[in-house]
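Take a look at the structure set out below.
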Ligand code: RB5
């Protein structure tokens, strides 16, 4: 895979462990370092625990990119987008994944393990990692909301 080879932090709940393992293997085979925060089994867990682990590390800048997976991807999206500087995109089609990079500079990709299959998931990951941000007027728009979480945290 060409393009962005920055390390990726990845996390999931029990509903997406199998897909998370496929994504992790794909990233490692592509030469990308992966920090896997779990879950590691299909025993029932609470998705916010893993969502917070990943999103907080992207918010702090320790990781430039994160990937989160749960059953629908909805819960992980809600958690991740609470964090300042985190722009999480729940994607199940290639156009949205690509546009989330070009126009929204998404830094967390969210996938629904009960929604999409592994072939589509890996293609989403590949294109999302490779697509650059266009900047310009899109950066100006991101600046209008990127720090809102910080106000809420005070
Ligand atoms: C777990 O059953 C499920 O609720 C979770 O994976 C996710 O879909 C939540 O949004």
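The values are calculated or read from the model by the stated rules, or taken from the named source; none is laboratory data. These numbers come from a predicted model, not from an experiment. Cβ: placed from backbone, ideal geometry, glycine included. Neighbour counts: every protein chain shown.
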For this session: May I ask you to list the residues in the range 74-100 that are more than 22 Å from residue 39 (Cβ to Cβ) and either under 11 Å from the mean Cα position of the chain (by Cα) or crowded, with 22+ Cβ neighbours inside 10 Å (or both)?
Result: 87, 97, 100
Exercise. Would you call residue 38 in contact with a helix residue (DSSP H, G or I) (Cβ under 9 Å, 6 or more places away or on another chain), surrounded by fewer than 18 Cβ atoms within 10 Å (Cβ to Cβ), on the phi > 0 side of the Ramachandran plot and not in a helix (DSSP H, G or I)?
Worked result: yes
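For the subset of the range 5-19 comprising residues that are within 17 Å of residue 63 (Cα to Cα) and either under 14 Å from the mean Cα position of the chain (by Cα) or part of a strand (DSSP E or B) (or both), which member is nearest to the ligand (Cβ to nearest atom)? Break it down into steps so the answer makes sense when it comes.
Let us first name the residues in the range 5-19 that are within 17 Å of residue 63 (Cα to Cα), namely 5-12.
Cutting the leftovers down to either under 14 Å from the mean Cα position of the chain (by Cα) or part of a strand (DSSP E or B) (or both) gives us 6-12.
Numbers: 6: 27, 7: 25, 8: 20, 9: 19, 10: 15, 11: 12, 12: 8 Å.
This residue is 12.
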For this session: Go through the residues of the range 112-133 one by one and say whether even a single one is assigned to a strand (DSSP E or B), touching a residue at least 12 places away in the same chain (Cβ under 8 Å) and either more than 16 Å from the ligand (Cβ to nearest atom) or touching a strand residue (DSSP E or B) at 6+ places or on another chain (Cβ under 9 Å) (or both).
Result: yes
For this session: Check the range 88-106 and report whether any residue there is in a loop (DSSP other than H, G, I, E, B), in contact with a helix residue (DSSP H, G or I) (Cβ under 8 Å, 6 or more places away or on another chain), within 16 Å of the ligand (Cβ to nearest atom) and closer than 24 Å to residue 50 by Cα.
Result: yes
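Which of the following residues is surrounded by fewer than 24 Cβ atoms within 10 Å (Cβ to Cβ), modelled with pLDDT of 95 or more and within 20 Å of residue 34 (Cβ to Cβ): 61, 71?
Only one candidate passes the filter, namely 61.
Would you check if there is a residue in the range 51-60 being more than 16 Å from residue 24 (Cα to Cα) and free of Cβ contacts under 8 Å to residues at least 12 places away in the same chain? Quick ask: steps written out before the conclusion?
So the first thing to find is which residues in the range 51-60 are more than 16 Å from residue 24 (Cα to Cα), and the list is 51-53, 55-60.
Of the ones still in play, those that are also free of Cβ contacts under 8 Å to residues at least 12 places away in the same chain are 60.
Yes - at least one qualifying residue is present in the range 51-60.
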For this session: Under 7 Å between Cβ atoms, at least 6 apart or on separate chains: pull out the pairs that start in the range 34-49 with a residue that is under 13 Å from residue 10 (Cβ atoms) and end on any residue that is within 9 Å of the ligand (Cβ to nearest atom) and part of a helix (DSSP H, G or I).
Result: 39/14
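Could you identify the single residue in 22, 84 that is in contact (Cβ under 8 Å) with a residue 60 or more places away in the chain and either within 16 Å of the ligand (Cβ to nearest atom) or within 25 Å of residue 144 (Cβ to Cβ) (or both)?
Details: 22 fails: either within 16 Å of the ligand (Cβ to nearest atom) or within 25 Å of residue 144 (Cβ to Cβ) (or both).
Only one candidate passes the filter, namely 84.
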